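A.B. asks: Just passing along the structure, written as structure tokens.
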Amino acid sequence: MVTFLFTDVEGSTRRWEADAQAMRAALVVHDKVLRTAVEAYDGFLFSHTGDGVVAAFASPMSAVNAAIDAQRELQLPVRMGLATGEAELRDGDYFGTVLNRAARVMAAGHGGQILLADSTAGLLSGVDLVDLGPRRLRDLPTPVQVFQVQAEGLRTDFPALRALDASPGNLRPAATSFIGRESEVAEVQATVKAHRLVTLTGVGGVGKTRLALEVAARLVDEYPDGVWFFELAAVTDPAAIPDAVAAALGITQQPGKSVSESVAAALEGRVRLLVFDNCEHVRDAAADLVEAILAHSATVKLLATSREGLGVVDEQLWLVPSLNVGAGIESAAVNLFVERAHSVASRFSMGSSDEAGAVVEICRRLDGIPLAIELAASRMASMTASEVRDRLDQRFRLLVGSRRGLERHHTLRHAVAWSYDHLDDTEKTLLDRCSVFAGGFDLQSACAVMGSDDDFAVLDLLDALVRKSLLIADRSSGRTRFSMLETIRQFAEEQLVASGEATEIRAAHSRYFAGREADILALWDSPHQRAAYDWFSLELANLRAAFRWAADRGDLDVAATIATYLGLLGVLVQTLEPVAWAEELIEPARAADHPRLAFLYVIASQCYRTGRIEAAVRYCDAGQIVLGRSRDAPPYGIEGWLGAVYIAIGQPERLVELCRAQLVRRRDTHVHIRTCLVVALVVAGSGGEAMDSADGLIEAAEATGNPSLLASALWAYGIAFGDADPVGVLNAFGRGLVIAQDSGNRTYASVLADGLALLEAEHGDPVAAFDHLTLAIRNWHNAGDTTVIRGSLGFLAVLFHRLGRYEPAAKIAGFAFSPLTASRLSKAITHLRDVLGEATCESLARKGETMTTAAMVTYAYDQIDQALAELEHPG
């Protein structure tokens, strides 16, 4: 009597094809673990079968212990089966029917599972076993009582056994492998156990049916009267739903009862799971039948799939998400693509980084929708992944397949049209019109494209589209924002174009975002300024689309409005894209003598931040001429920005003239212009005048209630009084930094951090100085600023010089010379020439001068890290 242990690596073929080298290495470890465990319990490992082994034991307990020890150590998913019986040993190999029995027991299991035939289980004591019942196994004439071993460190929850048992239900094995979604399966299983009716909802093609089938298969053992699956997509007449269900269950209509009542009565007392698939087109009829069943039977449970809930009392909705793409090539979406691609092109490989990147991008752009991914993968028979990726803008022509079965899964267009066709006309209109939004929208925006003042009516439509899985509602920010999967958006956009309304609705979209100027700037000019910046960041994709539409069609009023007020916000949060929009409009606005021309010049002049110094000077010179003849100046005194480039080119006195001229024209003492004047006077060397101009500036800024103006005034005060009142300036810079960061103003946060860094370095706190400079450098670099960042790097060079880190100081100084840091940096350079020598200092400076901004920032970060490490651990 011998006990045999059979093992096998689950999914080994897919692993070999995906990464043969990794699989080869994993098997070396696998074989060592198994051999060690077998020999530790006096077993005899006498055969290898594919990627598994076969071992013989004189003791059933030894065989089980070896299996448990090995299973705890194995990294690969290995299934194991044991059986005990008579066998004959010949020439180092065993023969006997018990070997076939052990192999079939193993084949019924899953990776990580240890199964025993009753012939082994009956010989054991003190082992925790779960009786899985009698099972019919392939090639065995009679059922085998199968047990699962439970032990500390082993998994306990596995899918249903791979057996031939005829279930009393009609559930059939799935035609395709189930990839990913293990956590979703577990959640849905738990939800089904806790509720009598669970409805899986989600967009077409997201995998509701496949998930329902997998859950049903894993729960089949819990329903002695069977799991029954009803495909309702082919039932076009709602009245025929009860008949279709009755026919599948073998129920005949009883005298005096409707078919629904007959079905409900026949199910009373039965322990069954009924799966109603694709209910959306017969929703009311399916709901009526479900209600009748639930009313008659307390033991029947129902799992439904529908793009919209059934609306039945006590229904538990469960939204099926798209497959995750966030993990890149390790994600479930990519694994699905690879497996399906192998089914049509056995040599498909993601060996090159380009192809791997293309597959990830395909899955991402297809929103992780399994049907779309499978259809894309089917193209691998004749295309590369890169070629598929490059054609996704035409996804509805590209993603067609030769799949047999339901028409709605033949192409991506069929899948989306199935949902769309069941909308009423008003719902279709709203969905089509909302396709013009980029990056989502809110109720107010939806009302704008619908041309409706009745927000409750539009809200009802939005609610319906969310319930029908065509819109996504995000409430995480405290205010509901709606969006569409890109696949749905492209389909709806096609319908909008076909309706002839596309031009009108896109124009309405563009006018709406231009029309938000007054509200958003009023919010900005208040203590709630951060909300204006948050809105700008949230709506940037929509604002970009609105500007592009208006500019391309010559709607100068709308385009200029968007470019100017967003330019103001963008500069302050270091998003410089609207600066380019303003530049684009300068010529048409000048030709039309547009009233926003001066405002456009102010925003366009900020291109100096990205290194376009000469263009900025031209905009500044021309802008001053326009300002001189214009009645209306740009808002909030931001014309002071116009001359910022003069500081960058070392001509601060020209900014002084500009600010003084504007203060005269405005006939007021605007805070922002005074701030610019103070800074210009300091850089020009007029410190006394700067302090005079800064007198009372903070109080004037506080009176406005505008955080940006107050932060700028505190900065200007610090610039002016740096030498005269260092303690007061330190407090001013610290207070300004808090205000800027709390309000979301990254530009003033950066310049205030520079000022704080310099003061803290001088007062002996280099660690805090490095922290502030890191903040400023990171902000400028992330914004794409290649000009102002030189000031922050100049301060860093001064700090390195102060700490005796002379070589990085010299190298950074070669790159970072800026009028704002000129005085301090010049003194540092003079000393660096003395300590390093003229030649060495010049060589290091030349190296720094030739570096790109990105290379210099990387070098600066590295040097900061080294300096901080030495400060923390001297010597």
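The values are calculated or read from the model by the stated rules, or taken from the named source; none is laboratory data. Keep in mind the model is a prediction, meaning the values are calculated, not measured. Note that each Cβ is placed from the backbone with ideal geometry, even for glycine, and that neighbours are counted across all protein chains shown. Remember, those area values only see protein heavy atoms, side chains included, never the ligands or the DNA or RNA. Shrake-Rupley method; radii C 1.70, N 1.55, O 1.52, S 1.80 Å.
A.B. asks: Residue pairs, Cβ under 7 Å, 6 or more apart or interchain, first in the range 263-278 and over 20 Å from residue 252 (Cβ atoms), second surrounded by fewer than 23 Cβ atoms within 10 Å (Cβ to Cβ) and among the acidic types (Asp, Glu). List them.
C.D. replies: Pairs found: 271/225; 277/231; 278/231.
A.B. asks: Which condition does residue 125 not pass, out of (1) small (Gly, Ala, Ser); (2) open to solvent by 50 Å² or more (accessible area, probe 1.4 Å); (3) in contact with a Gly (Cβ under 6 Å, 6 or more places away or on another chain), if it passes all the others?
C.D. replies: With (1) small (Gly, Ala, Ser); (2) open to solvent by 50 Å² or more (accessible area, probe 1.4 Å); (3) in contact with a Gly (Cβ under 6 Å, 6 or more places away or on another chain) applied to residue 125, the lone miss is (3).
A.B. asks: If you scan the range 73-107, which residues turn out to be more than 13 Å from residue 3 (Cα to Cα), at pLDDT below 90 and part of a loop (DSSP other than H, G, I, E, B)?
C.D. replies: Of everything in the range 73-107, those that are more than 13 Å from residue 3 (Cα to Cα), at pLDDT below 90 and part of a loop (DSSP other than H, G, I, E, B) turn out to be 91, 92.
A.B. asks: Output the residue which, of all residues in the range 141-154 that are in a loop (DSSP other than H, G, I, E, B), open to solvent by 30 Å² or more (accessible area, probe 1.4 Å) and not small (Gly, Ala, Ser), is nearest to residue 106 (Cα to Cα).
C.D. replies: 143
A.B. asks: I've got another one for you. Would you point out which residue out of 627, 642, 737, 730 is in contact with a Cys (Cβ under 7 Å, 6 or more places away or on another chain), part of a helix (DSSP H, G or I) and surrounded by 16 or more Cβ atoms within 10 Å (Cβ to Cβ)?
C.D. replies: 642
A.B. asks: Would you check which residues across the range 374-387 are open to solvent by less than 40 Å² (accessible area, probe 1.4 Å), in a helix (DSSP H, G or I) and either hydrophobic (A, V, I, L, M, F, W, C) or within 23 Å of residue 20 (Cβ to Cβ) (or both) and list them?
C.D. replies: 375, 376, 377, 380, 385
A.B. asks: Moving on. I'm checking my understanding of the structure. Among residues of the range 487-509 that are within 26 Å of residue 310 (Cα to Cα) and not small (Gly, Ala, Ser), which one is surrounded by the fewest Cβ atoms within 10 Å (Cβ to Cβ)?
C.D. replies: Residue satisfying both the conditions and the ranking: 489.
A.B. asks: How many residues does the range 524-534 hold that are surrounded by 18 or more Cβ atoms within 10 Å (Cβ to Cβ) and in a helix (DSSP H, G or I)?
C.D. replies: Residues flagged as surrounded by 18 or more Cβ atoms within 10 Å (Cβ to Cβ) and in a helix (DSSP H, G or I) within the range 524-534 amount to 4.
A.B. asks: Let me ask another. Give me the pairs, please: first residue somewhere in the range 450-467 and under 22 Å from residue 485 (Cβ atoms) and open to solvent by 70 Å² or more (accessible area, probe 1.4 Å), second residue anywhere and among the charged types (D, E, K, R) and not in a helix (DSSP H, G or I), beta-carbon distance under 6 Å, and either six or more positions apart or on two chains.
C.D. replies: Final answer for the pair search is 467/308.
A.B. asks: Quick one: how many residues across the range 444-458 are out of contact with any helix residue (DSSP H, G or I) (no Cβ under 6 Å at 6 or more places or on another chain) and not hydroxyl-bearing (Ser, Thr, Tyr)?
C.D. replies: Going through the range 444-458, the residues out of contact with any helix residue (DSSP H, G or I) (no Cβ under 6 Å at 6 or more places or on another chain) turn out to be 444-445, 451, 453-454, 456-457.
With the extra rule that they be not hydroxyl-bearing (Ser, Thr, Tyr), the set shrinks to 444, 451, 453-454, 456-457.
So the count comes out to 6.
A.B. asks: Which helices (runs of 4 or more DSSP H) sit wholly inside the range 176-293 and have at least 2 residues that are open to solvent by 30 Å² or more (accessible area, probe 1.4 Å) and within 26 Å of residue 133 (Cα to Cα)? Show your work before the answer.
C.D. replies: Numbers: elements: 182-194, 208-219, 241-249, 259-267.
Passing ranges, in order: 182-194, 208-219.
A.B. asks: Name the residues in the range 758-775 that are surrounded by 16 or more Cβ atoms within 10 Å (Cβ to Cβ), closer than 16 Å to residue 865 by Cα and among the aliphatic types (A, V, I, L, M), would you? Please lay out each step first, then the result.
C.D. replies: Initial filter on the range 758-775 (surrounded by 16 or more Cβ atoms within 10 Å (Cβ to Cβ)): 758-762, 766, 769-775.
This time we only want the ones that are closer than 16 Å to residue 865 by Cα, so: 766, 769-775.
Scanning the range 758-775 gives 769, 773, 775.
A.B. asks: Quickly run through the range 802-827 and pick out the residues that are surrounded by fewer than 21 Cβ atoms within 10 Å (Cβ to Cβ) and in a helix (DSSP H, G or I).
C.D. replies: Answer for the range 802-827, where residues must be surrounded by fewer than 21 Cβ atoms within 10 Å (Cβ to Cβ) and in a helix (DSSP H, G or I): 802, 806, 807, 819, 822, 823, 824, 826, 827.
A.B. asks: Out of 521, 470, I need the residue that is in contact (Cβ under 8 Å) with a residue 60 or more places away in the chain and either crowded, with 22+ Cβ neighbours inside 10 Å or of a type in the set (Lys, Arg) (or both). Which one?
C.D. replies: On inspection, the qualifying residue turns out to be 470.
A.B. asks: Checking residue 371 against (1) among the hydrophobic types (A, V, I, L, M, F, W, C); (2) farther than 30 Å from residue 269 by Cβ; (3) not in a helix (DSSP H, G or I), which single condition isn't satisfied?
C.D. replies: (3)
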